[in-house]
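Accompanying notes for the structure given below.
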Amino acid sequence: MRALRSTSPEAGPRQRGGGDIGEAAVEAAVEVERLSVRLGGRELVTDVSFSARARECVALVGESGSGKTLTCRALLGSLHRIGATMTGAVRILGRDMSAASQKEWQAVRGTTIGFVPQASMAGLDPVMRIGKQLSETIRLHDREADHRGRALELLEHVEIADPASAYRSFPHQLSGGMRQRVMIALALAGRPSILVADEPTTALDVTVERAILDLLARLCVDQDMALLLVSHDLAVVRSIADQINVMYAGTQMERGATKDVLTAARHPYTRALLAADPAAAPAGTRLSGIAGGVADPSTWDVTCRFAGRCPHVTESCRTAGQELVQIGTGAAVRCTRWEELA
């Protein structure tokens, strides 16, 4: 999939990530710099930095509770809905939104930045036809638009075979894969420059999952968007992401180009994820799980949050502060022993 090109003649090849955060800021559609999120007096996301350019897919991966969804909420300006606050910088098309008002975020959501949630049935009104839901969303962004024509166009963009039939249907009359395509169409209604997809293939079978990923990759190129993909599945991000950010217990353990991270992982947590991934293991290899579970946020501090489950832990890991260390162009790791273990 990474070799896909747009069918549009004026579109160029997909850009690859590579610059560090400072370098990427010039071209980034979205940039997150040292983001931290607090909720209920506890810091649940700590020191997360990444960026994504147009036509680039950047993935956030990690176990449940790693802070992926809270990071998405910060990008969408919706932390206030759960009473959370943030520090650090979030820049959308070069504009710092860190101190933006809700009115300013309202102008950005749905237009500059679109969102695809993981549960299609929860995101669609069960008693309203698909066409009406699309038309209302389109009207919200452009009152003068041909709402029906634009809705049918969007359904065609997301490769629904019979847009007119889907337009007249209720959500329960569509398959899970078709509903997810409708959710993508809704996210595209405002012609965003950035698309955030939070576990967009959850509960879909493998064949449908593949089709949805192919669709997201094509849209990323054809619509000239930056794509932020959230997943716990390395097999999913392997096929679509240009850059990977590995998160654990609310912080970023490793980031880098997808090929580099998946073939030469530097952090023990990334290696443990790969060792438990059937798609990454050689045939006949016994998979190994990660012992224990993610520690309770009340126990998190500045030392290594993976120390309690790491097979390479030393006393210094439990006592020394853990900073995200730049180790190359666009790559970084949060481990004091990464060179030794490499």
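Tell me, Val302, Val230 in order of fewest to most beta-carbon neighbours within 10 Å?
Ranked by crowding around the Cβ, least crowded first: Val302, Val230.
In whole Hz and in residue order, list the ³J(HN,Hα) couplings for segment 237-244 that follow from phi through the Karplus curve 6.51 cos²θ - 1.76 cosθ + 1.60, θ = phi - 60°; x for Gly and Pro.
6, 4, 8, 10, 7, 8, 10, 10
What percent does the relative contact order of the chain come to when contacts are Cα pairs within less than 8 Å and at least six residues apart?
So the answer I get is 22 percent.
Quick one: plug the Kirkwood hydrodynamic radius of the chain (C-alpha pairs) into Stokes-Einstein at 20 °C, 1.002 mPa s, and report D in µm²/s.
Once the numbers are plugged in, D ends up at 103 µm²/s.
Give the long-range amide H neighbours of Gly330: residues separated by 5 or more places, or on another chain, with amide H under 5 Å away, using H modelled in the peptide plane at 1.01 Å from N.
HN-HN under 5 Å from Gly330: Asp20.
Per residue of segment 284-292, what does 6.51 cos²θ - 1.76 cosθ + 1.60 with θ = phi - 60° give for ³J(HN,Hα)? Whole Hz please, x for Gly and Pro, Karplus curve as stated.
Calculated HN-Hα couplings, in order: x, 7, 6, 6, 10, x, 9, 5, x Hz.
Compare the Cα positions of Ala189, Leu216, Ala59 along the charge dipole of the chain (+1 at Cβ of Lys, Arg; -1 at Cβ of Asp, Glu; about the Cα centre) and return the one farthest towards the positive end.
Ala189
So for the chain: antiparallel DSSP bridges make up what percent, rounded to the nearest 5?
55 percent
Show the residues, 5+ positions off or on another chain, whose built amide H is closer than 5 Å to the amide H of Val196.
For Val196, the qualifying residues are Gly114, Phe115, Val116, Leu228.
Once you compute Rg and the Kirkwood Rh from C-alpha atoms, what is the Rg to Rh ratio for segment 30-163?
With Rg and the Kirkwood Rh in hand, the quotient comes to 1.01.
Quick one: what are the phi-derived ³J(HN,Hα) couplings along segment 246-263, Karplus 6.51/-1.76/1.60 with θ = phi - 60°, whole Hz, x for glycine and proline?
8, 10, 8, 6, x, 9, 8, 8, 7, 9, x, 4, 3, 4, 5, 5, 7, 10
Run down the lysines and flag those whose C-alpha is under 29 Å from the C-alpha of Lys132, throwing out any fewer than 8 positions away in its chain.
Lys103
Taking only Cα atoms, what is the 0 to 90° angle, nearest 10, from helix 130-141's long axis to the longest principal axis of the chain?
Long axis of 130-141 versus the principal axis of the chain: about 80 degrees.
Report the net charge of residues surrounding Ile82, where surrounding means a beta-carbon distance below 14 angstrom and charges are Lys +1, Arg +1, Asp -1, Glu -1.
Numbers: positive: Arg38, Arg42, Arg73, Arg81; negative: none.
Around Ile82, the charge tally is +4.
Quick one: which residues, 5 or more positions from Met253 or on another chain, have an amide H under 5 Å from its amide H? H modelled 1.01 Å from N in the peptide plane, none for Pro or chain starts.
Counting only residues 5 or more places away or on other chains, the set is Val246, Met247, Tyr248.
Throughout, read-outs are computed from the coordinates displayed, never taken from laboratory work. From a predicted model like this one, the values you see are computed outputs, not experimental measurements. Glycine gets a Cβ as well: all are built from the backbone with ideal geometry, and neighbour counts include every protein chain shown.
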